[in-house]
Amino acid sequence: MKTLYLDAFSGMSGDMFLGALIDLGVDIHDIEAELKKLHVSGYTLTAERIAKSAIYGTNFDVVLDSGEEKDHGFIEHREQEHHGHHHGRHLDDIVKLIENSQLSETVKKHAISIFQDIGRAESKVHNVPLNEVHFHEVGALDSIVDIVGSCIAMELLGVDDVKCSTITDGTGFIDVAHGRMPVPVPAVSQMLTERTIPVKQNVNVHTELLTPTGLGIVKEFVSEFSSLDQNDDIQKIGYGFGKRDTGLFNALRVFILEKTDSHIDVSGTHDQVVQIETNIDDQTAESLGYAMDKLLANGALDAFFIPIQMKKNRPGTKLTLLVKKQDQDKLTELVFKYTTAKGVRYIPYERTIMQRSFEKITYKNMPVRIKIASFKAVKRITPEYEDCKEIADKFDLSLDTVYDNIKKRYQG
Ligand SMILES: O=C([S-])c1cc(C(=O)S)c[n+]([C@@H]2O[C@H](COP(=O)(O)O)[C@@H](O)[C@H]2O)c1
Ligand code: NI
């Protein structure tokens with residue numbers, strides 16, 4: 001399970017997000033090549049590895065051929081057209097541009113959804129119908145590249161999940177084409193009305209840290225807001241720098257986290273766990289399946305469904321979770337978040353578990369983790385399924401053959 005974690009201690013913008021993903025290893029040329037499928041010209045992508053506060057990260061920018069200032073005037077409305085500016089694009093034009101491109105369906109879906117979210121907020125703030133929200137041409141080009149580029153970079157990165165810290169914004173006012181705006185800027189404040197997203201203000205920063213594009217990306221991809229978890233194994237870190245001078249370290253820090261079986265604490269042979277149970281009769285099977293994925297991804301040691309008969313002759317489902325004692329509250333909250341349950345039951349259990357450790361060997365030049373489980377004189381070894389599957393797929397072998405050969409090789 002690969003997770004992208006956004007540590008938004010200095011807010012987030014499209015440039016910071018793209019810079020951070022490039023810093024993690026996404027190739028800027030791959031992003032550029034995909035963006036060409038939009039058939040839009042007039043810009044160049046730049047990514048420079050620089051140090052700020054002696055910490056190296058990536059400074060990403062979209063340089064417009066026109067050389068115009070691009071960070072003021074993200075969205076203007078129809079009034080501008082009446083004053084003779086006809087060079088903008090409406091939301092519909094941008095949606096059509098994306099839909100008619102050769103980008104992947106996933107990239108199209110995410111990018112359109114982000115544009116619509118920002119468009120809805122601008123429509124409300126400036127009191128114009130959604131189809132009349134008008135993207136100023138310069139701002140639009142930068143936004144198209146930032147938003148579509150971010151969705152492309154996400155696809156290239158290939159993670160299973162995205163989590164985010166509380167997002168810090170600044171305070172005070174910023175000056176844009178239309179005048180002075182309070183921070184959080186109006187579009188950001190409006191976008192926060194639809195979902196509970198933890199945003200706090202740093203009173204020592206007197207500028208904007210969280211832009212509409214940054215929040216749009218967060219709302220589209222993030223499934224959970226939380227701190228780093230003790231079971232998260234940090235594999236890689238990237239920094240994407242922000243452009244504003246905040247007086248502090250202005251960057252988005254991102255982590256690639258990997259959660260595997262090997263992270264279950266198995267140091268002792270006895271431990272205490274809690275079984276959480278609840279009966280559900282009003283949730284679809286599709287949504288229950290999703291809930292199970294979330295519970296397992298967030299620390300449940302085991303989770304299963306049992307079909308049951310409930311009141312009023314309703315067929316229902318009993319959800320059973322096994323969790324560590326210290327995770328009881330966290331998992332209870334997630335049960336309430338992802339299922340329709342209104343109450344849960346707890347049963348504390350004493351457990352005896354085999355002690356487990358891991359070793360690594362290579363087979364056919366590929367790494368294989370071997371799980372060693374022992375209890376008193378009993379010792380059992382099991383090659384990790386995911387590693388064996390990869391070898392079986394690559395060399396067109398049956399899974400059993402790979403298992404047997406690896407066990408023989410390990411036992412020597
Ligand atoms: O020009 C307009 S209408 C404008 C509106 C708003 C509102 O909040 S409403 C905000 N901004 C600012 O423009 C830049 C660009 O934003 P990106 O999301 O493209 O990075 C940013 O500072 C916005 O706060 C402009
Ligand atoms: Ni606006």
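The values are calculated or read from the model by the stated rules, or taken from the named source; none is laboratory data. Predicted, not measured: the structure shown is a model, and the values here were computed from it. Reconstructed Cβ throughout: ideal geometry from the backbone, glycine too, with neighbour counts over all protein chains shown. Ligands, DNA and RNA are stripped out before the accessible areas are found, and what is left, the full protein with its side chains, is counted by its heavy atoms. Shrake-Rupley method; radii C 1.70, N 1.55, O 1.52, S 1.80 Å.
Yes or no, residue by residue, for (1) surrounded by 13 or more Cβ atoms within 10 Å (Cβ to Cβ); (2) not assigned by TED's automatic domain parsing to the domain that holds Val183:
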residue: Asp245; (1), (2): no, no
residue: Thr278; (1), (2): yes, yes
residue: Ala300; (1), (2): yes, yes
residue: Phe304; (1), (2): no, yes
residue: Lys311; (1), (2): no, yes
residue: Gly316; (1), (2): yes, yes
residue: Val323; (1), (2): yes, yes
residue: Leu334; (1), (2): yes, yes
residue: Val344; (1), (2): yes, yes
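Residues that are at pLDDT 95 or above and basic (Lys, Arg): list the strands (runs of 3 or more DSSP E) wholly contained in region 208-317 that include at least 1 such residues.
Result: 233-241, 251-258.
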#### Entry: Breaking point among (1) in a loop (DSSP other than H, G, I, E, B); (2) at pLDDT below 90, for Phe358
(1)
### Task
Scan region 133-160 for residues that are within 15 Å of the chain's Cα centre (by Cα) and modelled with pLDDT under 90 and jot them down.
Asp160
### Message
Given the criterion at negative phi, open to solvent by 10 Å² or more (accessible area, probe 1.4 Å), in contact with a strand residue (DSSP E or B) (Cβ under 9 Å, 6 or more places away or on another chain) and within 11 Å of ligand 1 (Cβ to nearest atom), identify the matching residue among Asp161, Asp169, Asp93, Asp175.
### Response
Asp175
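So how many residues does region 195-244 have that are among the charged types (D, E, K, R) and free of Cβ contacts under 8 Å to residues at least 12 places away in the same chain?
Selection size over region 195-244: 0.
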### Summary
Expected output for region 171-194 (first residue away from ligand 2 (no atom under 13 Å from the Cβ), partner open to solvent by less than 30 Å² (accessible area, probe 1.4 Å) and not in a loop (DSSP other than H, G, I, E, B), Cβ below 7 Å, 6+ apart or cross-chain) is Val183/Asp169; Val183/Ile174
